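K.L.:
First, the structure itself, so that you have it in front of you.
The values are calculated or read from the model by the stated rules, or taken from the named source; none is laboratory data. Just so it is clear, the model here is predicted, and its values are computed rather than measured. Cβ placement follows ideal geometry from the backbone for every residue including glycine, while neighbour counts extend to all protein chains displayed. The protein model used for the area step is the full one, side chains on, heavy atoms only, and it has no ligands, DNA or RNA in it. Shrake-Rupley method; radii C 1.70, N 1.55, O 1.52, S 1.80 Å.
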Amino acid sequence: MTRSRNVRQRSKKKRVHALEVATERWKVLTKVLAVVDALKKEEEHVTPLKRLEILRPQLGLTKPNKVAHFVSRSPQLFEVCRDSRGVMWAGLSPQAEALVEEEARLLEDHSRTAAEYVTRLLMMSVDRRLAIDKIAHFRRDMGLPHDFKTRWVHMFPEQFRVVRLEDGDYLELVSWNPNWAVTELEKKTAALTGDANANGIGSPPGELSLSFPMKFPPNFTSYYKFYGKVHHYVKKGNTEQFQKTTYLSPYSEARGLTPGSPEFDKRAVAVMHEVLNFTLEKRLVIDHLTYFCRDFVMPQKLMRLLLKHYGIFYVYERGKRFSVFLTKSYDGTKLIEKCPLVRWKEKVLQLTSYRGRIKNLGKFAELFDSEDYLFGNDDSSSATDSILDVKSEDSDDIMDDGALADDTEMDVGDLSDCCIE
């Protein structure tokens, strides 16, 4: 991916504050949900803090911050206890347990919609099959269940099936549904124009000439200066020409397109636009999109294309990862259309200590106060810090199968009245 100085400079000069706030909120929520998922896998949903420290990389919690501080900052979700032997444990609170049950119901309700979106991903791919491990990257983004790879992939045999190839397990399309070979943009255009035939339902996918919705911040300027040279975010003439260019539907055969041609690039934009529409929050980590470049016939330098079409997409970088938004799907920091799973995530976020307080947003490399607060790095760290000082241990000190050693098993009776407020 493109990570040049130009990308960083561009991000400095043209940043959308509202979408960056939305990204930070999502990053905090991702870490919280990772801890919830880890606890759900444990017996009785409790585990020693030492084990969570070892799982730090999988949880997305970076050093030198302590997992103990992280969980203790959200007492409505996590309970932190010390047993009679001095071993510190973490578990889900009653409120978190109720939310876990609610999520399971919502995922079940969303299952048919998720199956449609996965089928449409297969319909867009050149071989009509995708590696299951690749699709798994979209699990949370598309509302796929936790047992996606083991049970869910076998639940819709009329739509797709699991096949084993030399390099792993794939999900393969079983039957083509012409009613699903219609982009979300076509459907919305048809709804706005009132033309029931405009979306092409039932007809084979072919060339499209639709313009992509664009949205710019109020203080938008079309250029920036870098080392004294003027660079344009959006050149009006080029944009108008791009929007007028006809292109193949994402569901059409694309092997014959010439890489770098206007038709190739616009179809790639259409594919990314469609995939983002399949996600719950109309946002993705760009790394996850790059895994599908060959499958969806998209350019390898995907970042360059996304940055080029500022207004359709907004790219946000913090640290090592980039996120991309559909700009038209947001009103300020708020997602315009929210499904029940998104509202569930908002309920989880309300039970954390995150309150959206951000410092130094204008500085490109600054950390955000919201995350520091959840990790206990703010000035208000309490006396519980010394109690919750759980040291990280090397993975070599833990059994190879990831199980807990016998001497760390907790007597359930030790839990009574030991939770730290």
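K.L.:
Residues that are touching a residue at least 40 places away in the same chain (Cβ under 8 Å), buried (at least 19 other Cβ atoms within 10 Å of the Cβ) and not small (Gly, Ala, Ser): which helices (runs of 4 or more DSSP H) entirely in the range 43-82 hold 2 or more of them?
P.N.:
Numbers: elements: 49-54, 56-59, 67-72.
Ranges flagged: 49-54, 67-72.
K.L.:
Between a first residue in the range 165-191 that is assigned by the TED database to the domain that holds Met155 and in contact (Cβ under 8 Å) with a residue 60 or more places away in the chain and a second residue that is among the basic types (Lys, Arg) and part of a helix (DSSP H, G or I), which pairs have beta carbons less than 7 Å apart while being 6 or more apart in sequence or on different chains?
P.N.:
Trp180/Arg120
K.L.:
Condition first: under 25 Å from Arg343 (Cα atoms) and of a type in the set (Asp, Glu). Can you find one or more residues in the range 287-304 that meet it? Lay out the reasoning, then the answer.
P.N.:
Here is the first cut: in the range 287-304, the residues under 25 Å from Arg343 (Cα atoms) are 288-289.
If we keep only those that are of a type in the set (Asp, Glu) as well, we get none.
No, the range 287-304 has no match at all.
K.L.:
Does Leu106 qualify as being modelled with pLDDT of 90 or more and in contact with a helix residue (DSSP H, G or I) (Cβ under 7 Å, 6 or more places away or on another chain)? Working first, answer last.
P.N.:
On the way: modelled with pLDDT of 90 or more: yes; in contact with a helix residue (DSSP H, G or I) (Cβ under 7 Å, 6 or more places away or on another chain): yes.
For Leu106, the condition - modelled with pLDDT of 90 or more and in contact with a helix residue (DSSP H, G or I) (Cβ under 7 Å, 6 or more places away or on another chain) - is met.
K.L.:
Another question about this same structure. For residues that are in a loop (DSSP other than H, G, I, E, B) and of a type in the set (Gly, Ala, Ser), scanning just the range 83-98, find the one that is surrounded by the most Cβ atoms within 10 Å (Cβ to Cβ). It would help to see each step written out before you state the result.
P.N.:
Keep residues of the range 83-98 that are in a loop (DSSP other than H, G, I, E, B), which gives 83-87, 93.
This time we only want the ones that are of a type in the set (Gly, Ala, Ser), so: 84, 86, 93.
Values: Ser84: 12, Gly86: 6, Ser93: 17.
Selected residue: Ser93.
K.L.:
Continuing with the same structure: So Thr290 ticks every box in (1) closer than 23 Å to Leu208 by Cβ; (2) among the β-branched types (Val, Ile, Thr); (3) in contact (Cβ under 8 Å) with a residue 60 or more places away in the chain but one. Which box is left unticked?
P.N.:
Only one criterion in (1) closer than 23 Å to Leu208 by Cβ; (2) among the β-branched types (Val, Ile, Thr); (3) in contact (Cβ under 8 Å) with a residue 60 or more places away in the chain is unmet by Thr290, namely (1).
K.L.:
Of all the residues that make up the range 99-144, how many are part of a loop (DSSP other than H, G, I, E, B) and either in contact with a His (Cβ under 6 Å, 6 or more places away or on another chain) or in contact (Cβ under 8 Å) with a residue 40 or more places away in the chain (or both)?
P.N.:
So in the range 99-144, the residues part of a loop (DSSP other than H, G, I, E, B) come out as 125-128, 137-138, 143-144.
Then keep just the ones that are either in contact with a His (Cβ under 6 Å, 6 or more places away or on another chain) or in contact (Cβ under 8 Å) with a residue 40 or more places away in the chain (or both); that gives 125-128, 137-138, 143.
Selection size over the range 99-144: 7.
K.L.:
Can you confirm whether Pro217 is assigned to a loop (DSSP other than H, G, I, E, B), over 24 Å from the mean Cα position of the chain (by Cα) and at pLDDT below 85? Let's see the steps before the verdict.
P.N.:
Details: assigned to a loop (DSSP other than H, G, I, E, B): yes; over 24 Å from the mean Cα position of the chain (by Cα): no; at pLDDT below 85: yes.
Spelling it out, it is not the case that Pro217 is assigned to a loop (DSSP other than H, G, I, E, B), over 24 Å from the mean Cα position of the chain (by Cα) and at pLDDT below 85.
K.L.:
Can you find even one residue in the range 148-162 that is assigned by the TED database to the domain that holds Ser111, in a strand (DSSP E or B) and open to solvent by 30 Å² or more (accessible area, probe 1.4 Å)?
P.N.:
Taking the range 148-162 first, the residues assigned by the TED database to the domain that holds Ser111 are 148-162.
Within this subset, residues satisfying the condition of being in a strand (DSSP E or B) are 160-162.
Right, trim to open to solvent by 30 Å² or more (accessible area, probe 1.4 Å) and you get 161-162.
There is at least one residue in the range 148-162 that is assigned by the TED database to the domain that holds Ser111, in a strand (DSSP E or B) and open to solvent by 30 Å² or more (accessible area, probe 1.4 Å).
K.L.:
When the residues of the range 170-212 are narrowed to those that are assigned to a helix (DSSP H, G or I) and either of a type in the set (Val, Ile, Thr) or open to solvent by 70 Å² or more (accessible area, probe 1.4 Å) (or both), which ends up modelled with the lowest pLDDT? Give the steps one after another, and end with the answer.
P.N.:
Within the range 170-212, the first condition is being assigned to a helix (DSSP H, G or I), and the residues that meet it are 178-180, 184-193.
With the extra rule that they be either of a type in the set (Val, Ile, Thr) or open to solvent by 70 Å² or more (accessible area, probe 1.4 Å) (or both), the set shrinks to 179, 188-189, 191-193.
On the way: Asn179: 93, Lys188: 90, Thr189: 89, Ala191: 86, Leu192: 83, Thr193: 78.
Checked the range 170-212; the qualifying residue modelled with the lowest pLDDT is Thr193.
K.L.:
How about the range 235-260: which of its residues are surrounded by fewer than 12 Cβ atoms within 10 Å (Cβ to Cβ) and of a type in the set (Ser, Thr, Tyr)?
P.N.:
Thr258
Yes/no per residue for (1) small (Gly, Ala, Ser); (2) under 20 Å from the mean Cα position of the chain (by Cα):
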site: Cys81; (1), (2): no, no
site: Ala98; (1), (2): yes, no
site: His146; (1), (2): no, yes
site: Thr150; (1), (2): no, no
site: Leu165; (1), (2): no, no
site: Ser175; (1), (2): yes, no
site: Trp180; (1), (2): no, no
